[in-house]
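The values are calculated or read from the model by the stated rules, or taken from the named source; none is laboratory data. The shown structure was predicted, so the numbers you read here are calculated from the model rather than taken from an experiment. A quick note on method: Cβ atoms are made from the backbone with ideal geometry, for glycine too, and the neighbour counts reach across all protein chains shown. The area values use the complete protein model at the heavy-atom level, side chains included, leaving out ligands, DNA and RNA. Shrake-Rupley method; radii C 1.70, N 1.55, O 1.52, S 1.80 Å.
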Amino acid sequence: MYDLAIIGGGPGGYVAAERAGAAGLNTILFEKKSLGGVCLNEGCIPTKTLLYSAKVYNYAVTGDHYGVHVDNPSFDYAEILKRKEKVVKKLVAGVRLAMKSHEVTVVPAEAFIKGRGAEGIAIEAEGEEYLAKNLLICTGSEAVVPPFPGLSEAGEVVVTNREILALTERPAELVVIGGGVIGMEFAAFFNTLGTKVTVVEMLPKILGPLDDEISAMLQKQYEKKGITFCLSCKVTAIEGDTVVYEDPEGNVCRVRGDRILMSVGRRASLQGFGLENLGVECVLNKAGRPVGIKVDEKMRTSVPGVYAAGDVTGFSMLAHTASREGEVAVNTILGKEDRMRYNAIPGVVYTNPEVAGAGLTESEAQARGIAFKVVKLPMAYSGRFVAENERGEGICKIIVGAERHEVLGVHMLGNPCSEIIHSACIAIEQGMTLEQLQEVVFPHPTVSEIIKETAFSLQETI
Ligand code: NAI
């Protein structure tokens, strides 16, 4: 009998397994593909590795701006892919080692929940049955592939985030359906390597939930770099290597590509592992279809002893959310006081320049009827940013409550904002005011100082 069985070895599952093992819980983890899940094998890590190669290439191409001249910079796509494989392999091995050192039993097989009885929760894998007192479901999500007419005939031209990572040749022309996070990161990568990229997005802006001003600034920068954006354009069909879409005036338009990337969102993986045998309640969409496992703030499902964390909840589909949710579930099992909070979850888009944000955007604050003020500064107020980002443009925005000036949200465009956004998360989590933020000593010269500078611009702009 195990104290805890975990289905799914992504950042939700493996982090929970580590925490559970460290706390002395007899833990078993089932993973049918590769430890690390989508994040490590076909998401966050491989894409960031590719994007870093693109960034290095871009440094060579733009070296002139820094007084460094590189003759005929070039790249080898096969070598870029090889390095990506190496990085993934190394990190998967690291997760395997972490499981071992925390005495987690790893079953490299597909798990199937048989049900919950007096003895515990029964799980089957490769003909063997396992019993556990608690179950944590971390089965993740899969790419949404809408049934566009012509899709099945298009064959291998159409790819998702998984297949595009395995392409052995760089497409000369790429059409991206959906200008969300996945779409924009791949658009950025291939654009840097010289691919002609067209992004077709249904909404009037790219990166929907992001701060409007920042997504407009990023779009402008990528337009300058050669990406074509078709906004308010809904894809309706695929004709071979051609994407058919309706423009805002209702005209039927077409754009062709050597590859078509389908990046229109992801959906929770709820099928095929016996979830129905537990009778767990799900969140339903307007059409009454289940879109995620329903959990409370302690990651408990409607069935006692059964927890869920990560994309399978259908809520905040981010690796770091999954890991924290897994920790909350383990702490709840251990009887420790903990709860999941979503008000300061950071979001990062690894374009070049990067985008990072945490907390409320202006439009979210407006929609919630919150009285707020906005303070903002160009990134150029940071000396380090100017030193390292020739011709770079960026912005830092802080959203504060109108009365007390408590930090509600921070949104940034400019490198390396992915590495400094956590300070905003801390400020939001701790309920800090702008005045308290002003008292913190930031290292000089760093780009992080932009947060403090922006906090000081309160008097000037409000
Ligand atoms: P997304 O939800 O971010 O974007 C999908 C986009 O497709 C939306 O803007 C939507 O309006 C558009 N769309 C939908 N149907 C369309 C149609 N018929 N025609 C044109 N446009 C259409 O989903 P995405 O990019 O696939 O990412 C999936 C998940 O993975 C997200 O939850 C994201 O947060 C996560 N992710 C996070 C990353 C990060 O944190 N850096 C990186 C990659 C993925």
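For region 276-306, give me each residue that is under 19 Å from Ala111 (Cα atoms) and basic (Lys, Arg).
Correct list: empty.
Filter region 106-152 for residues that are at pLDDT 95 or above and among the charged types (D, E, K, R); which is nearest to Ala17 (Cα to Cα)?
Among residues in region 106-152 that are at pLDDT 95 or above and among the charged types (D, E, K, R), the one nearest to Ala17 (Cα to Cα) is Lys133.
Taking interchain pairs and intrachain pairs at least six residues apart, which have beta carbon atoms under 7 angstrom, with the first residue in region 295-317 and farther than 10 Å from Cys138 by Cβ and the second basic (Lys, Arg) and part of a strand (DSSP E or B)?
Val303/Arg116; Gly305/Lys133; Met317/Arg266
Looking only at region 165-185, count every residue that is in a helix (DSSP H, G or I) and touching a helix residue (DSSP H, G or I) at 6+ places or on another chain (Cβ under 6 Å) and tell me the total.
Number satisfying all stated conditions: 3.
Quick grid of which residues meet (1) closer than 30 Å to Thr168 by Cβ; (2) buried (at least 23 other Cβ atoms within 10 Å of the Cβ); (3) small (Gly, Ala, Ser):
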position: Met262; (1), (2), (3): yes, yes, no
position: Gln271; (1), (2), (3): no, no, no
position: Gly274; (1), (2), (3): no, no, yes
position: Asn277; (1), (2), (3): no, no, no
position: Leu284; (1), (2), (3): no, no, no
position: Val291; (1), (2), (3): no, no, no
position: Gly305; (1), (2), (3): no, no, yes
position: Thr313; (1), (2), (3): no, yes, no
position: Glu337; (1), (2), (3): no, no, no
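Any idea which residue in region 148-176 is farthest from the ligand (Cβ to nearest atom), counting only those that are within 24 Å of the chain's Cα centre (by Cα) and open to solvent by 60 Å² or more (accessible area, probe 1.4 Å)?
Arg170
To keep it simple, each residue is scored yes or no on (1) of a type outside the set (Phe, Trp, Tyr); (2) surrounded by fewer than 24 Cβ atoms within 10 Å (Cβ to Cβ); (3) not in a helix (DSSP H, G or I).
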site	(1), (2), (3)
Phe189	no, no, no
Gly194	yes, yes, yes
Ile206	yes, no, yes
Pro209	yes, yes, yes
Glu213	yes, yes, no
Val244	yes, yes, yes
Pro248	yes, yes, yes
Arg254	yes, yes, yes
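In region 335-370, how many are closer than 20 Å to Glu213 by Cβ and either among the basic types (Lys, Arg) or assigned to a helix (DSSP H, G or I) (or both)?
7
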